[in-house]
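Worksheet for the structure shown next.
The values are calculated or read from the model by the stated rules, or taken from the named source; none is laboratory data. All of these numbers come straight from a predicted model, not from anything done at the bench. Note: ideal-geometry Cβ built from the backbone for every residue, glycine included; neighbour counts use all protein chains shown. Calculation scope for accessible area: heavy atoms of the full protein, side chains included, ligands and nucleic acids excluded. Shrake-Rupley method; radii C 1.70, N 1.55, O 1.52, S 1.80 Å.
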Amino acid sequence: MFNTSHIELSKSAYRNNIRYLRKIIGKETKLSSVIKGNAYGHGIENIIPMAEDVGIDHFAVFSANEAFEALKVKSESSGLMIMGLLDHEEIEWAIKNDIEFFVFDPVKFEKAVENARSLKKKARIHLEVETGFHRTGFEYKQIPGLIDFMKKNVDHFVFEGLCTHFAGAESISNYVRIKNQIRMFHKFNRYFQRHNLIPIRRHTASSAATLTYPQTIMDMVRIGIAQYGFWPSPETHMYRFRKNPSESNHLRRLISWKTRVMAVKKVEPGKFIGYGTSYLANKKMKIAVIPVGYANGFSRSLSNTGRVLIRGRRVPVIGIVTMNTMTVNVSDLPHVEKGDEVVLIGKQRRLSISISSFCEMSDQLNYQLLARLPANIPRYIV
Ligand SMILES: *Cc1c(COP(=O)(O)O)cnc(C)c1O
């Protein structure tokens, strides 16, 4: 009621994915569940309890507003880490709430220490170092100054982590760049060790690195896309499979996205369907109107190319995807009627529509499509 589509999340698929990932990372390594982008469209408030149920006790977000959402649902014992934006005025709030955060420039570190001193509570920091991604992180030449600063202020922070992020571990074309980044990270690590500044955890790997560069696994991994059942890229899947032929595809998708037929209509030959002239009926046709459009996360670039499932059959989107509706061609399905289930992502009888299949068509990545699923579509755990 009061919604035009809904999302179902499979808890057994989630459990399966975490079991598979744990087998890869081993018992000693912590798995931080990355839940930025509203948990890749799955909903922070759905994923956190599900994750805690299967033993996850650490979460990673991009910014303070996401941390704020996570704080409402996570249990007290679970760790929470901000990897990106934390404004200076939000630092006090983060320290008070035991939120760990990445520090990647000297000013942020100074502000953290200042706040920690006045709060009489240590800031829990992860030092991000620049190894070749060239986005954020301390440069190698900044380290001597940083070490002096750390030695002077040891009482005001906990050195939770030393970390970096790789520039595209999901593609073999970045192999040399990633290898150099790994080498560089170890160089940073040795430097801190020589000065007896030992992080609690070293962490570098996202899903792709975890699945393809085992040496990047270290003390903690930051797993986003793989926990939701998606491979970071087709290449990652092929590579993993070739190296480990005994593993079949162990990742299962959690998400299904469903709606219902809103109306059906006959169209005479020679008539255009929908806005403009992008689709001309060249014979008598039957079309179904679906109450989901680009305002609901179904990309406009799927106009005339997307596919959905109705009555166990794959049917094409015809015409332009509008803000709130699209039309599909059901000429071969004479029994389709108002109220029939429509699967936009997921399974129906023997067929399935995977996001990646229509991502390839619409030239979008899984990441983007998931993250664009509007937060107001109701989500149910099944
Ligand atoms: C998003 C992100 C991850 C997780 O990446 P996936 O490819 O989804 O596993 C890990 N680390 C950082 C810093 C990130 O921003």
Margin query: I'd like the FRET efficiency for Tyr191 and Gln215, computed as 1/(1 + (r/R0)^6) with the beta carbon distance as r and R0 of 25 Å, rounded to 0.05.
Written below: 0.85
Checklist line | Cut-off under 5 Å, modelled amide H: who pairs with Arg202 long-range | finding: Leu162, Asp219, Met220
Next item on the list: Could I have the simple spin-label model distance between Arg19 and Asn304, label points 7 Å from Cα toward Cβ, reported in nm to one decimal?
Entry: 4.6 nm
Check: Quick one: if you stick a label point 7 Å off each Cα along the C-beta vector at Ile172 and Phe149, how many nm between them?
Finding: 4.2 nm
Next item on the list: Taking only protein heavy atoms into account and a 1.4 Å probe, give the accessible area per residue of the chain in Å².
Entry: 47 Å²
Check: Suppose every K and R has +1 on its Cβ and every D and E has -1 on its Cβ; what is the size of the dipole of the chain about the Cα centre, in Debye to the nearest 20?
Finding: 1360 debye
Note to self: Modelling each spin label as a point 7 Å along the Cα-to-Cβ direction, I'd like the Glu28/Asn376 distance in nm, to one decimal.
What the structure shows: 5.0 nm
Next item on the list: Give me the lysines in straight-line cross-link reach of Lys111: C-alpha distance below 20 Å, same-chain residues under 8 apart excluded.
Entry: Lys96, Lys120, Lys121, Lys122, Lys151, Lys152
Checklist line | ³J(HN,Hα), Karplus 6.51/-1.76/1.60, whole Hz, each residue of segment 311-316, x for Gly, Pro | finding: 6, x, 10, 8, 10, x
Check: Under 5 Å between amide H atoms, partner at least 5 residues away or on a different chain: which partners does Ile345 have, H built in plane at 1.01 Å?
Finding: Trp257
Notebook entry, point to check: Most fluctuating residue of Trp257, Trp231, Trp93 in a GNM of the chain with Cα springs under 10 Å: which is it?
Noted result: Trp93
Item checked: Of all accessible heavy-atom area on segment 255-353, the percent that carbon and sulfur account for (1.4 Å) -> 50 percent
Margin query: Under the rule of at least 5 residues apart or a separate chain, name every residue whose amide H is placed under 5 Å from the amide H of Ile318.
Written below: Asn304, Thr327, Val328, Asn329
